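The values are calculated or read from the model by the stated rules, or taken from the named source; none is laboratory data. It should be emphasised that the depicted structure is a prediction, and the values quoted were computed from it without experimental measurement. When we count neighbours, we look across all protein chains shown, and the Cβ atoms used for this are built from the backbone with ideal geometry, even at glycine.
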Amino acid sequence: MKFRLYRASILHFPKPTISPDTGFDFHRDGLLVTRNGKIADIGPYSELISLYQGCDLTDYRGNLLVPGLIDSHVHLPQTEMIGSYGEQLLQWLESYTFPTEAKFENADYAKEIASIFLNQLFMNGTTSAMVYTSVHKNAAEMLFEEASEKNANMIIGKVCMDRNCPENLQDSASTAQTESAELIEKWHGKQRLSYALTPRFAPTSSDAQLAALGELAKQYPDVFIQTHLSENKSEINWVKKLFPKFEHYLDVYDHFNMVHQRSVFGHCLHLDSHEWCLLKERKSTIAFCPSSNLFLGSGLFDMEKAMQHEVKLSLATDVGAGTSFNMLRTMGEAYKVCQLNHTRLSPMQGFYMMTQGSAESLGLSESIGNLNIGTDADFVLLNPKFSTLSELRTQNCFDGKLVVDPIDTIFALCTLADERTTSATYVAGKCVYQQEA
Ligand code: GUN
Ligand code: ZN
């Protein structure tokens, strides 16, 4: 296979760091080289180009080339109900989410939305995601198939729920276990795909179902777990009533063997100190979903507490409670949440949480989240000058065609980015999205 060359300003975190403000690599005039779907070389254009004479080169100068972005918590079935009016979590689930998710019983519909969903990710520069599908096994299959065709790194789970939701959306303890196991056997570890056991949240699973999924977690220790934790105060009170014997919300998941280093808990807005400590002890990850938390009025994530407790963090859209598929835009919302808490999220801290930091949290940084040689060639070309306003805002970030201030460029995009920002998205070395000229 041939080398392929991409010239652009290049930004990434080559290593895990506790200091994202300084721990990044930046090449003003950089060259990225791919071969066989992997990154083969990276560095300054002037130093590398002589080694690759005669190879295909795409000139993306004017763009910032960054690792494919990672969205660690997103709901495929909620694509079409994004921005649904007027409710907080529990009523929002009843009024909008459950009726929409019921449509996924229809395989044709599930296939259509899986394709739209994946395209939404790619056109916003997201190449990896941790995805909740619906309760229907077939809907998870559809997304696995679409992601497999694109050779994308996706972590996908069939939602499990056997109570406190409409009957047509209920599985059972035993079907949740068998269907999840069948999906694991078929897809987990195939190409770049992984499975996530997905009890929706404690209120919609019986003890028997949580126990069945906990058994699977033991049986398949490298399978991920994703669920919701401590998002909304009414939800937390409900969990207390449903599980009176447990010390706190996280204790419910812990009792059923679901709190480990491959567990990703969405939200975590109202944790008590025992929960913070347990998350740290078990090396679990929090998915911080700022646009969702603001949209549903759920609360403000306490970034400072998360840092104090050294809990692993990632950033996520949580579409359709989240209001955009765009991770940069989502980081802009995270910045506002931190402002309301009188803390500061720096541009590089935010960027870290959707690239290397997120990959590291999920144990995937050998293959995604950075542009190191040997990793999978998932990368995105961001055009800071995609609109009149963004051109004006970022004019001082450029010297001629080249980005010279990546930090302010990233920060400007947090406010302004949308799908027009993405010039192109590559997955395993192949272009999966190219903006029309
Ligand atoms: N808690 C349980 N289910 C959901 C969901 O679909 N979205 C959000 N934001 N929270 C949940
Ligand atoms: Zn969610």
| message | I'd like to know if region 74-91 contains one or more residues that are within 16 Å of ligand 1 (Cβ to nearest atom), of a type outside the set (Lys, Arg), modelled with pLDDT of 95 or more and in a strand (DSSP E or B). | response | yes
| query | Going by the conditions given, is Phe398 farther than 21 Å from Thr317 by Cβ and either touching a residue at least 24 places away in the same chain (Cβ under 8 Å) or out of contact with any Leu (no Cβ under 6 Å at 6 or more places or on another chain) (or both)? | reply | yes
| Which of (1) in a helix (DSSP H, G or I); (2) of a type in the set (Ser, Thr, Tyr); (3) within 16 Å of ligand 2 (Cβ to nearest atom) is the odd one out, the single condition Ser134 does not satisfy? | (1)
| Of the residues Leu229, Leu250, which single one is at pLDDT 95 or above, more than 27 Å from Ser95 (Cβ to Cβ) and crowded, with 24+ Cβ neighbours inside 10 Å? | Leu250
| field | Scope region 411-437; condition charged (D, E, K, R) and farther than 19 Å from Gly369 by Cα; matching residues | value | Asp418, Glu419, Arg420, Glu436
| said: Cβ-Cβ distance below 8 Å, separation of 6 or more or different chains: which pairs start in region 70-87 with a residue that is within 15 Å of Met327 (Cα to Cα) and end on one that is part of a strand (DSSP E or B) and away from ligand 2 (no atom under 15 Å from the Cβ)? | reply: Ile70/Thr126; Ile70/Thr127; Ile70/Ser128; Asp71/Thr126; Asp71/Ser128
| query | Do any helices (runs of 4 or more DSSP H) entirely within region 238-335 hold 3 or more residues that are closer than 30 Å to Arg420 by Cβ, and if so, which? | reply | 290-295
| field | Single condition Ser95 does not satisfy, out of (1) assigned to a loop (DSSP other than H, G, I, E, B); (2) within 16 Å of ligand 1 (Cβ to nearest atom) | value | (1)
| task | Sort out which residues of region 239-293 are over 20 Å from Glu360 (Cα atoms) and within 16 Å of ligand 2 (Cβ to nearest atom), and write them in order of number. | result | Val239, Tyr249, Tyr253, Leu269, His270, Pro290, Ser291, Ser292, Asn293
| Index of the failed condition, Leu65 passing every other in (1) out of contact with any Asp or Glu (no Cβ under 6 Å at 6 or more places or on another chain); (2) surrounded by fewer than 18 Cβ atoms within 10 Å (Cβ to Cβ); (3) not basic (Lys, Arg) | (2)
